[in-house]
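Engineer: One structure coming up, written as structure tokens, with questions to follow.
The values are calculated or read from the model by the stated rules, or taken from the named source; none is laboratory data. Because the structure is predicted, anything quoted here is derived from the model rather than measured. Here the Cβ positions follow ideal geometry from the backbone for every residue, glycine too, while neighbour counts run over all protein chains shown. Side chains included, ligands, DNA and RNA excluded: accessible areas come from the protein's heavy atoms. Shrake-Rupley method; radii C 1.70, N 1.55, O 1.52, S 1.80 Å.
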Amino acid sequence: MNDESARKAAKNEVISRSLNEGLARGEAKWPSERPTFICECSDLSCTLELTVPIDGYKAVRAHPARFILKPDHVNEEIERVVETFEGYLVVEKIGPGKEVAEQGA
């Protein structure tokens, strides 16, 4: 993947993360037993849901280059898996997309 494609993929993930941040704010006001978020992969049409504990989601957000994804949505050219949980993974952007992700945090 070239640098420009990696940056675009990171921008797409930042958009998904922004939507999830809104969901997390709502979760703080109206908590549920099984909070759901959308997959933060680089495919903007992806709307797959992930069940992630709110504390777990906040831990991911503490690292601007990290995102939550379905296990089969990882693009190893632009991200690496840093944690594995039941039903989702935490990935960290690498290469040119990392800077995009950190700026979009």
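Matching residues to (1) among the small types (Gly, Ala, Ser); (2) open to solvent by 40 Å² or more (accessible area, probe 1.4 Å); (3) assigned to a loop (DSSP other than H, G, I, E, B); (4) at pLDDT 90 or above:
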residue	(1), (2), (3), (4)
Leu23	no, yes, no, no
Pro31	no, yes, yes, no
Cys41	no, no, yes, yes
Leu44	no, yes, yes, no
Val81	no, yes, no, yes
Val91	no, no, no, yes
Glu99	no, yes, no, no
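Engineer: Report, by residue number, each residue of the range 46-62 that is in a loop (DSSP other than H, G, I, E, B), under 26 Å from Asp3 (Cα atoms) and open to solvent by 20 Å² or more (accessible area, probe 1.4 Å).
Structural biologist: Correct list: Thr47, Ala62.
Engineer: Which of the residues belonging to the range 63-79 are open to solvent by 70 Å² or more (accessible area, probe 1.4 Å) and not in a helix (DSSP H, G or I)?
Structural biologist: Selection gives His63, Glu76, Glu77.
Engineer: If you don't mind, another one. Exactly one condition in (1) of a type outside the set (Asp, Glu); (2) touching a helix residue (DSSP H, G or I) at 6+ places or on another chain (Cβ under 8 Å); (3) modelled with pLDDT of 85 or more is false for Ala10; which is it?
Structural biologist: (3)
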